[in-house]
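Before any comments, here is the structure.
The values are calculated or read from the model by the stated rules, or taken from the named source; none is laboratory data. Computed from a predicted structure; not experimentally measured. So basically every Cβ, Gly included, is an ideal-geometry build from the backbone, and we count neighbours across all protein chains shown.
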């Protein structure tokens, strides 16, 4: 199990038992999450943008329009952080104080780098597509030169990173276990619905398997 | 419809048609989301923490341990931002370039303020509990003086805020509509599962209605 070296800002200080620093745990959370929030400074104040992300090896990737102000800010290597959070449940305890949530989150600190090499850039975009809808990349019209130019891809190394996890039932104060109140966990998860065809789609084109890949 | 005044940083610049500035839209998104990400500067670098949030009137609230470093940083009124994102679907287009996601997000910029008034603080915590499990607050053991002291509550005014929304089918380049490839939306949403009783719960205590409130 490969451990990521803790730094002062990745070490989980409050409830340190919830911290995890092994690469496998961090990668699993990054891979399950569909959305990341990226934090950066913009004109002297904290700013944040939600964006899709994906992982290739020891890097997390994000992308967007070449004109996107976040990507413009980040491509020159300013400090940023990227966080993903999977909400797993509400934890209903016997006292208000011990109510909680079950979750798995990852935070990465670092500097992003623009992917300018055309082969690397195309491979990264394909990996993103394949992660969400395997096989689709080969079926749709690929990006032309102008579209690639209009797309910026950034990578952020998973070097300064940690996970934080809470799972399991509520932990109540011992005397409160005698209270006649229901306690437990309300599970929460993302679910995928029946694919909705584009109104302009000819009726004879069936829903492909990859449209149910996340299910 | 009450419009929130746009500022340079809340105005949606890329794809401005996706921006929304009316208070109703912003409040609905804040109220549906169960998790927010809060961005702030910590020791000269961008930092971010995922946390539960709730709304009362024109303020968003967050809370945590009195020792939580984010709340400690924020209570003195440094600049921060708070973002919530609801992922509604994958948008599968006929070209890689026009793939997208349907989502509703809100960003708020501002300074948080600590809620120190004891009546306000208790009312805020009750509102949070009632939002997730209506009626539960009256059934469980309420917070004692020590627990209230160990809990910090902050409020952030919804004054500099905007929403960003994408919905509907893919928008493809006109010639691509002729391609024989499935296109449409894969809906995604949070779902709530069957409540899981605490292993230490006596069998005779039934699952309360509020444990299914989010369903």
Fill in: Close pairs (9 angstrom Cβ cut-off, 6 or more residues apart or separate chains): free of Cβ contacts under 8 Å to residues at least 12 places away in the same chain in region A:138-158, in a strand (DSSP E or B) anywhere
A:140/B:92; A:140/B:95; A:141/B:95; A:142/B:95; A:144/B:95; A:147/B:95
Item to complete: State all residues of region A:29-60 that are within 10 Å of the chain's Cα centre (by Cα) and either assigned to a loop (DSSP other than H, G, I, E, B) or more than 11 Å from every other protein chain (Cβ to nearest Cβ) (or both); if no residue qualifies, say none.
Response: A:29, A:30, A:31, A:32, A:33, A:34, A:35, A:52, A:53, A:54, A:55, A:60
Worksheet item: Only one of B:126, B:147, B:204, B:130 is part of a loop (DSSP other than H, G, I, E, B) and surrounded by fewer than 19 Cβ atoms within 10 Å (Cβ to Cβ); which?
Response: B:204
Item to complete: Among the numbered conditions (1) more than 8 Å from chain A (Cβ to nearest Cβ); (2) touching a helix residue (DSSP H, G or I) at 6+ places or on another chain (Cβ under 7 Å), tell me where residue B:147 comes up short.
Response: (1)
Response to the item:
Of the residues in region B:171-214 that are at pLDDT below 95 and touching a helix residue (DSSP H, G or I) at 6+ places or on another chain (Cβ under 8 Å), the one that is farthest from residue A:210 (Cα to Cα) is B:213
Worksheet item: So, of the residues in region B:162-193 that are at the interface with another protein chain (Cβ under 7 Å from one of its Cβ atoms) and in a loop (DSSP other than H, G, I, E, B), which turns out to be surrounded by the fewest Cβ atoms within 10 Å (Cβ to Cβ)?
Response: B:180
Worksheet item: If you take the residues in region B:62-83 that are closer than 20 Å to residue A:99 by Cβ and in a strand (DSSP E or B), which one is farthest from the chain's Cα centre (by Cα)?
Response: B:65
Worksheet item: Which residues, counting only those in region B:69-109, are modelled with pLDDT under 95 and crowded, with 21+ Cβ neighbours inside 10 Å?
Response: B:70, B:71, B:74
Worksheet item: If a residue has to be over 15 Å from residue B:94 (Cα atoms) and without any contact (Cβ under 8 Å) to a residue 40 or more places away in the chain to count, how many in region A:196-215 make the cut?
Response: 4
